[in-house]
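Visitor: Here it is, the structure, as structure tokens.
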Amino acid sequence: MPDPRPTLSSCLILGGGINGLLSALLLRQAGLDVALLERGATGRESSWAGAGILSPLPPWNYGPEVNALARRGRALWPEWAERLRLASGIDPEYRACGMAVLEVEQRDAALAWCDAHEEPVAGLPPSLAHWGNHDSLWLPNVAQVRNPRAMQGLRVAALRAGIALHEQTPASHLLTEGARVTGVETPSGVFTAECVVAAAGAWSGGLLAEVGHAPVIAPVRGQIVLFKAAPGLLPGVVYRRGHYLVPRADGHILAGSTLEEVGFDQSTTAEARAELLDFAYRLLPALRQAEIVAQWAGLRPGSPGNVPTIARHPVLENLFVNSGHFRYGVTMAPAAGEVLLQRMLGMAAPVDVAPYAWGL
């Protein structure tokens, strides 16, 4: 199969979530002409709906494939946050707030993992000590971004970089000839480019099914409830057995989240609301006095083991994918972009790209 990398000069990105937009910026920086197609509004699906915690929950429960991208992504986020602030004038509110992990199972194994991976860990700080230290751990280096603002910043930065954003333009069909994609059909007409990157989140699997060898990517709904409380009520992220509270600097607190395999149903439910409120009130009773601002749902791009596919199609030489990040698309995005550039342009990637290959 001929290697298309030396001749690439234009690229079409399918999907305007964080991995689509960030990949578009990196490819534009590398000198390519870039256009992006988004089925709705850029940055309004899973990337917007999540909580912005820059860590697996918790990291010792995941394999090296997930942690390699997550750790690299976390290391790059301070630079990206400043870059977005300067490029767009929008502050994504990156901050290292720390994370308390309560009721840790196999605490000794978790401590050993932290030691082996140079992850700082301690007992709970005094402000959180009332939750008990005997089965809890504090990860002081865990950070967060306010992902809706990060997505707003990415959109503005993309436009200012000269990337053509085509919103309300769903990709309906990939046109192929031999071993190449020749175009992408949409309701607005056919778009062409020298290469195509599928970064359509939960919709990637269906889009790629028609060309064969589609990676396993399926929607997994997650719901969140948002409170407005006094700033400083909660000093850091708190995680316990699948649920979390995430405090924003202005006093908003997110309570999440659910894991629901319900297809592409993005509706919210009374059952999820009750589950999340029960968790939040038990963990932080002061939230009973806080205003409930909103409840929403997003569709994560679920994948086996939470391992994304970032690779070239096994047959179509100019089709690539950057999708399947499941719960950690925001965390992984800067590192996933590096892997994509390695696959497309031969540029160096600080992580081993092999685990993210497009399997036959």
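Laboratory data are not the source of any read-out in this text; all were calculated from the coordinates shown. Predicted, not measured: the structure shown is a model, and the values here were computed from it. Please note: Cβ atoms are built from the backbone with ideal geometry, for glycine as well, and neighbour counts cover all protein chains shown.
Visitor: Within 10 Å of each residue's Cβ, count the other Cβ atoms and sort H313, H252 from fewest upward. Please list the in-between numbers first.
Guide: Details: H313 22, H252 18.
Lowest count first: H252, H313.
Visitor: Compute the long axis of helix 107-116 from its Cα atoms, compare it with the longest principal axis of the Cα atoms of the chain, and write down the angle in degrees, 0 to 90, nearest 10.
Guide: Approximately 50 degrees, to the nearest 10.
Visitor: Among 71-81, 280-290, 86-96, how do they line up from the highest to the lowest mean number of other beta-carbon atoms within 10 Å?
Guide: Numbers: 71-81: 19.1, 280-290: 15.5, 86-96: 17.3.
Highest to lowest by the protection proxy: 71-81, 86-96, 280-290.
Visitor: I've got another one for you. How much length is gained on full extension from Q266 to E82, taking 0.36 nm per residue of separation minus their Cα-Cα distance?
Guide: Values: separation 184, 0.36 × 184 = 66.24 nm, distance 3.23 nm.
My answer for the length gained is 63.0 nm.
Visitor: Peptides 155-164, 222-231: what's the order by average Cβ count within 10 Å, highest mean first? If you can, show how the numbers build up before the last one.
Guide: Details: 155-164: 17.0, 222-231: 19.0.
Listed from highest to lowest mean packing, they are 222-231, 155-164.
Visitor: How tilted is helix 270-283 with respect to the longest principal axis of the chain? Cα atoms for both, answer in degrees (0 to 90, nearest 10).
Guide: The helix 270-283 is inclined about 50 degrees to the chain.
Visitor: Let me spell out the model: positive unit charges on the Cβ of Lys and Arg, negative unit charges on the Cβ of Asp and Glu, origin at the Cα centre of the chain. What dipole size does that give, in debye rounded to 20?
Guide: 680 debye
Visitor: Using only Cα atoms, tell me the angle between helix 147-160 and the longest principal axis of the chain; keep it within 0 to 90° and round to the nearest 10.
Guide: 30 degrees
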